[in-house]
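Data first, discussion second: the structure below is written as structure tokens.
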Amino acid sequence: MSKRAFGDFQTPMPLVESIVSLLKSLGIGANRVLEPTCGRGNFIHGLLNAGAPPAEIVGIEISQEYVAQARLMAGENGAVRILQANIFDMDFGHDLSWQKDGDLLVVGNPPWVTNAALGLLESDNLPAKRNLKNLPGIDALTGASNFDLAEAIWIKLIRELYDQKPVIALLCKTSVARNVLQYVRRHQIAITDASIRLIDARHWFNAAVDACLFTMSVNRGKTCYEVEVYESLSTSQPQSRMGFIGDSLIPDLRQYTELQYIEGKSPYVWRQGIKHDAASAMELIDRDGNWYNALDERVEVEETYLYPLLKSSDMRPSQRKLVKRAVIVPQRHVGENTWKLRQDAPELWRYLNQHINLFELRKSSIYKGKPPFSIFGVGSYTFSPYKVCVSGLYKMPYFKAVGLRGGRPVVCDDTCYLLPFNSASQAARTAAALNHPITIRFLNSITFWDAKRPITKGLLSRINLDGLIERLPEPDIRHRTEKILDELAANGEIETLESAVMESPAQLRLL
């Protein structure tokens, strides 16, 4: 079995030593230590060499190779037991047979891999549902389409060791830490002294993820679901405090409290861009005045069905050059009959049928039972002359006002969200408000930027645009609006001078 099948990220000794030193400085000591996925035993080695080692250490590891290495490292030390087992076949509350009493510390670095990835690798390092029937929550996880193995390990540790009141300190993705925090709050599991200390996963593990040392005390003291977040293992003061407002997990409670007046229900509906799942045929790029698809085929179809396209890469503030792209839009609304294209757009109909295999390969169930070549994320808003668009993917939001290009409405792909407008000044004024530093601070207070798609329709819908525009300084917004209008005019995106005339705030309305 490959190392990848175990989510194998062996913890470097310098990182182990930093963590052991940190725990000692925080007064987190223990007579007993459990490392549930001990690998070669680096954490055990670090604990044994840190002075005043624990009276008893138990390491569990599934890999026979690593078990041998860990036992060799421990030598004849009678305080250490290395067990070869799949932790999901064990009950931590009954199967460890502790020889000593006293405080329990759980420490280590569980696998950084998802169940879907393990399934593809045909790994047996998975939580079996038959062994987890008595663990509410993990069944829900294993029934989901995908989840992190570390998340299942966290929940198993918390539930099975609850009566032993452990301190748990594990390296994991920050997204896993948040999911665990939401789990314990949802199930009203008593925790306290929770902290997240960020680590540089690229430096330590060559992994492009946001990761941390996540620590919590279980079933000790007064329950508190707030988490102090530190920017590194060595910083002594937290950079923020994470916690819950209602059912929402807030990354920065202090900043959110200052700007909570922006929170509300958006009076307008944010829309997602066009979804087609057939980019190699549907998306075109201009080369010397001719359209080409990703298959390097020259495409000649009726222009009526081609619209200028914006993708997430076009949403960066530094992106000034207009990339000339187009997307085929065969429907004006979801479910519209596409058979009429045979008469209305014979060239397009022929082209789409030449690539019908690409459409037949689309896996999403949303296309089943729909007309051929159907798309989603299309409606009257798609064809509005002006829009404010934002990418859902980037770690810093930028709201881009766009207008007509070549007299045609610009459309976005499904990585983006948009608000439609009937005038340039409406779009410019809203973009000015959304890009204002106060708004960005609010978004920073409610957004987890390490998420795969940090900006979502749900998050955008929490911005009360009417209230926001009323609270921002009018001279500042007017100046920013005029600057955006100048940029639209310079790009030829405003159809007439009349459409750029500034309206009063009371006249600003979305479609």
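All conditions in (1) assigned to a helix (DSSP H, G or I); (2) surrounded by 13 or more Cβ atoms within 10 Å (Cβ to Cβ) hold for Thr304, with the sole exception of (2). Scanning the stretch 61-73 turns up at least one residue that is assigned to a strand (DSSP E or B) and touching a residue at least 12 places away in the same chain (Cβ under 8 Å). Considering only residues in the stretch 255-297 that are part of a helix (DSSP H, G or I), small (Gly, Ala, Ser) and touching a helix residue (DSSP H, G or I) at 6+ places or on another chain (Cβ under 7 Å), the one that is surrounded by the fewest Cβ atoms within 10 Å (Cβ to Cβ) turns out to be Ser280. Can you name every residue in the stretch 95-108 that is touching a residue at least 60 places away in the same chain (Cβ under 8 Å) and not aromatic (Phe, Trp, Tyr)? Of everything in the stretch 95-108, those that are touching a residue at least 60 places away in the same chain (Cβ under 8 Å) and not aromatic (Phe, Trp, Tyr) turn out to be Leu96, Lys100, Asp101, Gly102, Asp103, Leu104, Leu105, Val106, Val107, Gly108. So is Pro54 part of a loop (DSSP other than H, G, I, E, B), under 29 Å from Thr235 (Cα atoms), out of contact with any His (no Cβ under 6 Å at 6 or more places or on another chain) and not hydroxyl-bearing (Ser, Thr, Tyr) or not? So Pro54 fits the description; yes. Within the stretch 224-243, the only residue that satisfies the criterion of being outside any strand (DSSP E or B) and either buried (at least 17 other Cβ atoms within 10 Å of the Cβ) or among the basic types (Lys, Arg) (or both) is Tyr225. Restricting attention to the stretch 16-50, the residues that are part of a loop (DSSP other than H, G, I, E, B), over 36 Å from the mean Cα position of the chain (by Cα) and touching a residue at least 24 places away in the same chain (Cβ under 8 Å) total 2.
Of Gly335, Gly377, Gly392, all but one fail to be in contact with a Cys (Cβ under 7 Å, 6 or more places away or on another chain) and surrounded by 12 or more Cβ atoms within 10 Å (Cβ to Cβ); the exception is Gly392.
Rule-based calculations on the coordinates, nothing more; no lab input. What you see is a predicted model; the values in this text were computed from it and never measured. Reconstructed Cβ throughout: ideal geometry from the backbone, glycine too, with neighbour counts over all protein chains shown.
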